[in-house]
1. Using modelled amide H (1.01 Å from N, peptide plane; none on Pro or chain starts), what sits under 5 Å from the amide H of residue A:363, excluding residues fewer than 5 places away?
2. Going by amide H atoms built from the backbone, whose H comes under 5 Å of the H on residue A:179, apart from near neighbours?
3. Counting Lys and Arg as +1 and Asp and Glu as -1, what is the net charge of the other residues whose Cβ lies under 14 Å from the Cβ of residue A:849?
4. Identify all aspartates and glutamates with a Cα-Cα distance to residue A:379 below 14 Å; exclude those on the same chain that are fewer than 8 residues away in sequence.
5. Can you tell me which aspartates and glutamates have their Cα less than 17 Å from the Cα of residue A:192? Leave out same-chain residues fewer than eight positions away.
6. When the C-alpha atoms of segment A:655-727 are aligned to their principal axes, what extent does each axis show, in angstrom, from largest down?
7. What is the ratio of the Cα radius of gyration of segment A:764-903 to 2.2 N^0.38 Å, where N is its residue count, to two decimals?
8. When the helices in chain A are scored as -39500 (n - 2.57) per DSSP H run of 4 or longer and the sum is shared across all residues, what 222 nm value do you end up with, to the nearest 500 deg cm²/dmol?
Amino acid sequence: MSQFFNFEEEEPKIYQLWLKRNVGSLKSSSKDPFVLTMPPPNANGELHLGHVFGYVTMDILGRFYRAKGLPTLLLPGKDHAGIQTQVVYEKKLKAEGIDPATLAREELYKKCSEFCLDRAGYMRAQEQSIGITADWDKEFFTLDERLNRTVYETFIQMWNDGLIYKGLRIVNWSVFSQTAISDVEVEYQEQKGSLWFIRYKGVTISRKPIKKSEFNLQKTSSDAMFIEGQKLPIGDLLEINGANYCVFSHEISDPLVTRDGTVLVPFFGFDLITATTRPETLLGDTALAVHPADPRYKELVGKKVRVPLLGYEIPIIATKKVDPLFGTGIVKVTPAHDFLDYEIGEEAGLEMRQVIDKFGKMTELAGPYAGLSVNEARKKVIENLGEDLVNTKTITHKVPISERGKDVIEPQLSEQWWLRVDKPELNLKERALKLLRDGKIKIYPENFTDQVIKWFENLKDWNISRQLWWGHQIPIWTKGAEIKASIDSPGADWVQETDTFDTWFSSGQWPYTTVSAAGLFDLKTTSPYFPTHTMVMGRDILFFWACRMILFAAYRFNDVPFKNLYFHGLIRDEKGQKMSKSKGNGIEPKEMLKKYGADALRLGMIVGTSPGIDLKFSAKKIEGYSKFTNKLWNASKLIELKFGLEAVKPTEIKLESSKWILDKTARVFTEVSERLSSYAIPQAADLAYDFVWFTYCDWYLEMMKVMANEPESKYVTAVTFKAVLLMLHPFIPFITEAIYLKLPFLKDKETLAEESWEFNFNSDGSTNIERVIDIITAIRQVKAGIGAPYSPMNISVDNLSIEEKALVEGIARVTVLDQINDPLKKPYKGGEVLCEVKNKAVYKEFLVKELNETILRVNSCEAKLSSDFSKRADPKLVEEERTKLSQLKASIDLLQVEIRGIG
RNA sequence: GGGUGCUUAGCUCAGUUGGCUAGAGCAUCAGCCUUACAAGCUGGGGGUCGUAGGUUCGAGCCCUACAGCACCCACCA
């Protein structure tokens with residue numbers, strides 16, 4: 001047999017066997033099923049490590065529950081990923097020399113479908129290569145005909161419930177993608193930019209400042225200043241050290257100002273000056289706004305000013321939405337191109353002056369600037385402002401960027417379809433919140449629950465329409481002024497809305513569209529398959545997806561879509577940075593597979609992670625775990641070598657080593673089960689790893705070598721090793737399966753994947769093996785200390801049974817005699833080992849060191865016992881501490897005698 | 001501005017309800033190819049558990065404050 005497991009050759013064969021055995025297929029049973037709808041990856045690329053991270057977690061759960069006898073369904077799928085796929089696909093077409101604009105919508109759609117289908121197949125193969133036991137017969141695509149009906153049905157139901165409306169509202173507009181995108185798809189990028197201070201002429205503030213140069217000003221965190229202890233009338237203008245200030249009231253500066261005293265805010269002059277980072281939007285201004293209590297501008301509310309360059313008049317209005325401490329405390333209001341301004345505009349009934357069109361060009365309303373791009377207009381406006389541009393400040397600010405296209409977002413008025421989330425009679429927000437607050441979903445890690453709740457509390461109406469062709473065309477039909485929601489065309493003259501759904505409108509329904517399309521849930525009566533058992537996803541799509549799924553299930557069933565929600569972290573490189581193609585720090589799963597195999601990859605992704613916490617990942621880590629799979633492979637070789645034949649179950653377990661390993665294995669097996677049940681997946685893997693290597697291989701298999709001729713030992717090795725394979729199988733399915741298949745005496749089923757999760761052994765747990773281990777370790781220390789780890793040595797220890805004697809002799813490579821001459825005494829916990837050492841002097845310094853350490857421990861032990869510890873702690877602990885102390889003292893006596901003896 | 005997470009060995013991280021000498025992998029030092037495994041084995045070195053307080057017989061763990069890092073949400077006119 002080969003020294004190494006040939007994963008490259010064997011893994012695909014094993015996966016084919018699982019497929020043949022229908023391991024991943026849902027089996028019927030009376031037990032409650034384990035259903036997990038897998039997050040569909042975007043069918044426009046290939047699997048990356050983030051996917052692997054999630055899928056491995058899901059497959060571990062799936063294999064575990066399947067082995068426990070639950071009908072298990074890991075339901076796979078692929079996402080059409082609306083805007084992202086459209087961007088990718090159009091880029092691909094352009095690269096092939098085809099202009100997407102020349103193709104008809106149907107044609108594009110068809111070609112794009114084929115493209116996705118092709119990618120989906122490729123990605124499916126990748127999922128299989130990492131061992132995912134999904135039920136492939138139930139794989140769906142988010143644009144799948146079998147799901148679409150349910151998606152449309154939901155929309156139509158919402159329409160009938162009055163939750164859908166069309167409205168001209170401000171949206172995040174992506175010029176590059178020519179579509180609106182949702183809030184969550186907007187990213188902010190830090191950029192250097194300018195803050196321009198612009199004067200609006202028309203009215204002038206008539207008050208005169210009082211000169212006060214003797215004040216000593218203290219700056220606060222905001223733009224406010226303090227004069228401590230001074231009482232000055234609010235609204236007074238002061239000139240201090242050459243700059244103008246206005247005395248501010250406390251009420252409106254709260255909570256920005258934290259100290260008592262007179263607060264001053266800078267006063268920027270006697271004309272109205274406002275600051276902006278987007279000066280071109282002044283062409284669309286329809287008001288200036290100030291805070292109603294701002295003493296600087298209170299008297300001006302209701303008056304009018306002229307917009308620079310265009311010269312039309314706009315009113316000065318008051319709204320609490322203005323922060324008086326930012327900039328000059330005056331906001332230019334452009335309702336058509338800014339979210340806050342839109343709100344102010346709606347509140348005050350202002351005109352919406354659209355000066356930027358959907359191509360990012362200035363409209364006719366921009367007068368002489370019409371036709372220019374936003375950037376050109378900005379430049380020209382600045383040039384033309386002349387002395388009305390009173391100041392320019394360089395600042396770093398955050399610019400909204402499209403998450404998919406990476407282009408700058410221009411807020412824009414646009415006709416869109418909206419889902420109302422707070423209709424009083426059917427309040428989706430409240431429904432979802434109630435389910436969450438009632439704890440209907442257990443979220444891992446727990447503290448994410450608050451984040452989800454907060455998101456729902458702040459939820460606003462959702463723009464569900466996109467101006468794309470790749471997606472579900474909204475099932476709204478119009479004929480003149482008539483409008484209807486219907487899946488199929490209501491008749492010849494009806495025209496369908498061209499917008500498509502936001503991709504999350506369909507993927508948000510994933511759990512029930514798929515489970516119902518798989519024939520497990522009729523969407524009306526209750527089903528054990530819905531709500532699903534568990535959902536696993538990366539924390540980055542919490543708001544995108546998890547919340548949307550909760551919203552939809554709340555709407556359709558007033559229930560949750562899943563009972564458990566597990567978030568895994570994101571994969572980062574060794575330095576903690578996001579992996580990306582542009583940075584070149586990404587790790588390709590397929591490279592790792594080729595180099596280390598699926599098992600090492602799986603284990604490396606799981607151990608040392610925590611729910612919701614990002615994972616710094618490196619190829620080195622996988623390499624480390626590939627050593628473990630190799631270790632296991634070699635353990636199987638040893639067992640195979642020592643056995644060959646089937647072991648017979650003995651009537652009674654007699655050997656101490658057998659009882660010991662049976663007991664240990666049973667405990668660990670139970671603990672691994674408990675950890676998996678409570679989603680402590682990394683901890684389960686860690687425990688299994690630790691046990692297998694450091695207990696099973698390092699100790700038990702060494703004992704087994706000594707006991708190999710005992711029939712009982714063969715049996716015990718067989719059952720415990722099978723338990724080892726079982727508990728490792730969810731994490732490293734391939735190699736455990738390969739071992740199972742080659743060791744006939746383990747087999748009860750065709751494959752390990754079909755075995756049941758079971759291992760029991762009842763015992764009182766008492767054995768002397770721990771003592772044997774201590775003795776062997778003590779001997780090894782002596783041997784290492786004298787620099788002769790492999791030379792034979794005579795030793796003597798009290799009270800060794802025949803078995804124990806054999807174990808000590810076999811493993812420590814010594815001869816145990818009843819009596820030896822002039823021994824070196826080495827203490828171990830609870831006793832001493834007599835070793836026949838000719839040249840003890842070499843060993844002396846080791847003994848001295850040990851003595852010193854032991855003295856320190858005795859001191860701390862005594863200190864502990866003489867404190868209140870002995871009175872207040874658990875008596876059992878105190879007793880243990882006393883035992884420890886007496887053992888340590890015995891060791892000290894021994895060591896001192898020995899050291900003196902050596903001289 | 002609001003929130004969350006992290007800070008433990010040179011590096012990457014475990015450490016489940018407070019309780020044996022705080023662990024692992026990688027790296028490092030010494031020795032060993034001992035017939036399952038050198039991708040290994042044996043033995044060792046290396047840590048004031050971010051800082052400062054507090055609760056407790058006892059704190060890496062609980063509480064308070066602070067610092068640094070990372071991320072999320074909102075705002076940035």
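1. Under 5 Å from the amide H of residue A:363: A:356, A:357, A:371.
2. Hits under the 5 Å cutoff: A:174.
3. Here the count lands on -1.
4. Reachable aspartates and glutamates: A:280.
5. A:407
6. 41, 18, 17
7. 1.15
8. On the way: 25 runs with 353 residues, N = 903.
So the helix-based figure for chain A works out to -12500 deg cm²/dmol.
The values are calculated or read from the model by the stated rules, or taken from the named source; none is laboratory data. Fair warning: this is a prediction, and the values are worked out from it, not measured in the lab. Here the Cβ is made from the backbone with ideal geometry for all residues, glycine too, and neighbour counts use every protein chain on show. All accessible areas refer to the heavy atoms of the entire protein, side chains included, with ligands and DNA or RNA removed. Shrake-Rupley method; radii C 1.70, N 1.55, O 1.52, S 1.80 Å.
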